[in-house]
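The values are calculated or read from the model by the stated rules, or taken from the named source; none is laboratory data. These figures come from a predicted structure and were not determined experimentally. Cβ: placed from backbone, ideal geometry, glycine included. Neighbour counts: every protein chain shown.
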């Protein structure tokens, strides 16, 4: 999946 | 969460704590670039505006610690121990880092919204935020060993994140190209330092840069 922003990363 | 990202975050936390302790214990910020610390404060402020969006206790706690510690460090450098701040060697022109990062964030992002552009700006900004510090170490020609431990922990954090992104791509079929490219740039900037750290500091020598 293209860049679904990883909101869980700091 | 995976081991790479957990160790990466802990390495990041360690770096921030090492720096705070170094300044607080020695009551001096000699050899520390205040400009880089200001850039880090900007990075965490613009990145963690989504703090109200609860992801997990860990996520929220770490964001608060990173924001608080970065402002505390800037306070110690420019207020409490400003007499020990080395203006003469902390001369990197940060406007050449902030403006291009912001313009690039306006041009290349996942979504043209305020939060997304600011997050993207923080990603680009973080990849070059250490340059004033590395520039200062090269100008002074050396760094205290505690400062080099700080830099090693800080550089390792994003290198570990690269392993995290590889892991997430292979196991979750998920990747974020903006974070990955910026993270690689950020890690590459430390390579020269990593080499010196491993060949010198770990052998008990002082970190001396070829002047």
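Computed quantities for the displayed model
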| item | result |
| --- | --- |
| Odd one out for residue B:97 among (1) part of a helix (DSSP H, G or I); (2) under 23 Å from residue B:208 (Cβ atoms); (3) out of contact with any strand residue (DSSP E or B) (no Cβ under 9 Å at 6 or more places or on another chain) | (2) |
| Any hit, the stretch B:86-93, residues being surrounded by fewer than 22 Cβ atoms within 10 Å (Cβ to Cβ), assigned to a loop (DSSP other than H, G, I, E, B) and at pLDDT below 95 | no |
| Unmet criterion (only one of (1) surrounded by 18 or more Cβ atoms within 10 Å (Cβ to Cβ); (2) away from every other protein chain (no Cβ under 11 Å); (3) within 20 Å of residue B:164 (Cα to Cα)) for residue B:12 | (2) |
| Elements of type helices (runs of 4 or more DSSP H) in the stretch B:1-77, at least 1 residues being over 29 Å from residue B:138 (Cα atoms) and without any contact (Cβ under 8 Å) to a residue 12 or more places away in the chain | B:3-26, B:57-75 |
| Looking only at the stretch B:201-211, and only at residues there that are outside any loop (DSSP other than H, G, I, E, B) and either touching a helix residue (DSSP H, G or I) at 6+ places or on another chain (Cβ under 7 Å) or within 14 Å of another protein chain (Cβ to nearest Cβ) (or both), the one that is farthest from residue B:101 (Cα to Cα) | B:201 |
| Hey, residue B:166 surrounded by 16 or more Cβ atoms within 10 Å (Cβ to Cβ) and within 14 Å of another protein chain (Cβ to nearest Cβ) or not | no |
| Residue identified as surrounded by 22 or more Cβ atoms within 10 Å (Cβ to Cβ) and within 14 Å of another protein chain (Cβ to nearest Cβ) among B:172, B:126 | B:126 |
| Among the residues listed as B:146, B:198, B:180, the single one being free of Cβ contacts under 8 Å to residues at least 12 places away in the same chain and either surrounded by 15 or more Cβ atoms within 10 Å (Cβ to Cβ) or in a helix (DSSP H, G or I) (or both) | B:198 |
| From B:160, B:104, B:154, B:118, residue being in a helix (DSSP H, G or I), under 14 Å from residue B:36 (Cα atoms) and touching a helix residue (DSSP H, G or I) at 6+ places or on another chain (Cβ under 6 Å) | B:154 |
